[in-house]
Amino acid sequence: PRHFHLEYHIGLLLQGRHRYAAGGERRLAGAGDALLMAPESIHDGSSAGEEGYRIRVLALDADWLERASRDFSDGRRGAPRLTSSLVRDERLQQRLRQLHLGMLGGAAALENRLALEEHLWQALACLLSLGSSLRLE
């Protein structure tokens, strides 16, 4: 069903194929693709095959992302405008995988908070340089 979120959603498709409509376009994502949805962006989605699909999603508060993106950008104010709902990039895939693995690591990962934050910043920098209007310094 068509829906929207109040946060930015950054998904990493782990397996299967995902068919969705967003921004007036129908897209087909495969394993390894990053899916990007801005707050209040109306979209839908379903499996593109009988095998289903698996996705891991990060939900980021819009105000937090606006503040965070200023730290490594051209200094503009306002939230970054996403230029694509789908990004195929090996570097981004690896950074999102590292971030998810770190977050799923439980207490051990939380003890190494510095490494987890580094994974987050690397993933965000890569994501924003590939899929948004933001220009990184």
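Observations
- Length added when fully stretched, N112-S129, from 0.36 nm per residue minus Cα-Cα: 3.5 nm
- The convex hull defined by the C-alpha atoms of the chain has an orientation-averaged projected area of 8.4 nm².
- Across the options S129, A22, S69, the greatest Cα extent toward the positive end of the charge dipole of the chain (unit charges at beta carbon of Lys, Arg, Asp, Glu) belongs to A22.
- Based on the Kirkwood approach, the hydrodynamic radius assigned to segment 1-68 is 12.4 Å, with every pair of different Cα atoms included.
- Given their separation in residues at 0.36 nm each and the Cα-Cα distance between them, E90 and L104 gain 2.9 nm when the chain is fully extended.
- The slack between H3 and S47, meaning 0.36 nm per residue of separation minus the straight C-alpha distance, is 14.2 nm.
All of the numbers you see were taken from the coordinates with simple rules; none came from a lab. Keep in mind the model is a prediction, meaning the values are calculated, not measured. Every residue, glycine among them, receives a Cβ derived from its backbone with ideal geometry; neighbour counts consider all protein chains shown.
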